[in-house]
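Before any comments, here is the structure.
The values are calculated or read from the model by the stated rules, or taken from the named source; none is laboratory data. Just so it is clear, the model here is predicted, and its values are computed rather than measured. As a convention, Cβ positions derive from the backbone with ideal geometry for all residues, glycine included, and neighbour counts pool all protein chains shown.
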Amino acid sequence: MDGKIILKNVSKVYQKGKIKVEALKNINLEIEKGEFVVIMGPSGSGKTTLLNIIGCLDIPTEGEIIYNGKTLKNLSEDELSEYRKQNISFIFQSFNLIPVLTVKENIELPLVIEKHLSLKEKEKRVLELIEKVGLSGMQDRYPYELSGGQEQRVAIARALVKKPLVVLADEPTANLDSQTAIEIIQIMREMNEKEKTTFIFSTHDPKIEKFAKRIIILKDGSIYSDMRI
């Protein structure tokens, strides 16, 4: 399979009392394997809704999503959840690390369900990622012993450890200072180039644009512009 993600005529309508809110309107989008895509737009433009639908956390009101040649429209809730576990990873602005687990334990958490990997293979993968995100020697620290930037590095390693088809990040640098935010995006871009993993993330931060390979701008739930760089 080619690893492509396709959205066909995707719309999302939320019912708020008697009012219908069109969060997304007829989105048609193809994202190739290995792209580094930044989604931008003002608050309320539909960025988070689009990420949630791509991440199978939400279901379109209309339209369909095709992942790696597989149409997800007719999957049951359990089947969709299983597909998400196997193929999609998330990076959150609040890091979402488990405070009672060490750096190493937080990163290896997604591999608990991986029955085809031995303990030795899991440990090797985790330690390789710890080194790649610049946290060598910190594997036994707990989240409270880390800076915000270090916590986000752990989150990036955790997202990549199961070798997903796509990594989705909603405002991943929102809680970081400007310099740390740039360092985090640089790590994501390096991992994108080395691992050929597709990255899609939303941001309000114009400084992040220079790291993008493709910028999609949303406006009022529609694609306003789509530019490859």
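Details
The rows are residues; the columns are (1) over 24 Å from LEU50 (Cα atoms); (2) touching a helix residue (DSSP H, G or I) at 6+ places or on another chain (Cβ under 9 Å); (3) buried (at least 20 other Cβ atoms within 10 Å of the Cβ); (4) modelled with pLDDT of 90 or more.
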residue: VAL133; (1), (2), (3), (4): yes, yes, yes, yes
residue: ASN175; (1), (2), (3), (4): no, yes, no, no
residue: ILE200; (1), (2), (3), (4): no, yes, yes, yes
residue: THR203; (1), (2), (3), (4): no, yes, yes, no
residue: PHE211; (1), (2), (3), (4): no, yes, no, no
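- Residue list for region 64-80, restricted to those being surrounded by 13 or more Cβ atoms within 10 Å (Cβ to Cβ) and touching a Leu at 6+ places or on another chain (Cβ under 9 Å): GLU64, ILE65, ILE66, TYR67, ASN68, LEU72, LEU80
- Some residue of region 13-21 being more than 30 Å from LYS207 (Cα to Cα), outside any loop (DSSP other than H, G, I, E, B) and in contact with a Ser or Thr (Cβ under 9 Å, 6 or more places away or on another chain): yes
- Flag if VAL21 is surrounded by fewer than 16 Cβ atoms within 10 Å (Cβ to Cβ) and touching a residue at least 12 places away in the same chain (Cβ under 8 Å): no
- Hits in region 77-120 - residues which are of a type outside the set (A, V, I, L, M, F, W, C) and assigned to a strand (DSSP E or B): SER89
- For region 24-63, the set of residues classified as in a strand (DSSP E or B) and either surrounded by fewer than 19 Cβ atoms within 10 Å (Cβ to Cβ) or within 14 Å of the chain's Cα centre (by Cα) (or both) consists of LYS25, ASN26, ASN28, LEU29, GLU30, ILE31, PHE36, VAL37, VAL38, ILE39, GLU62, GLY63, listed by residue number.
- Checking each residue in region 131-147 for being farther than 11 Å from LEU97 by Cα and part of a helix (DSSP H, G or I) picks out GLU131, LYS132, GLU145.
Residues checked against (1) touching a Gly at 6+ places or on another chain (Cβ under 9 Å); (2) at pLDDT 95 or above:
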position: MET1; (1), (2): yes, no
position: ASN9; (1), (2): yes, yes
position: VAL13; (1), (2): no, yes
position: GLU30; (1), (2): no, yes
position: VAL37; (1), (2): no, yes
position: MET40; (1), (2): no, no
position: SER43; (1), (2): no, no
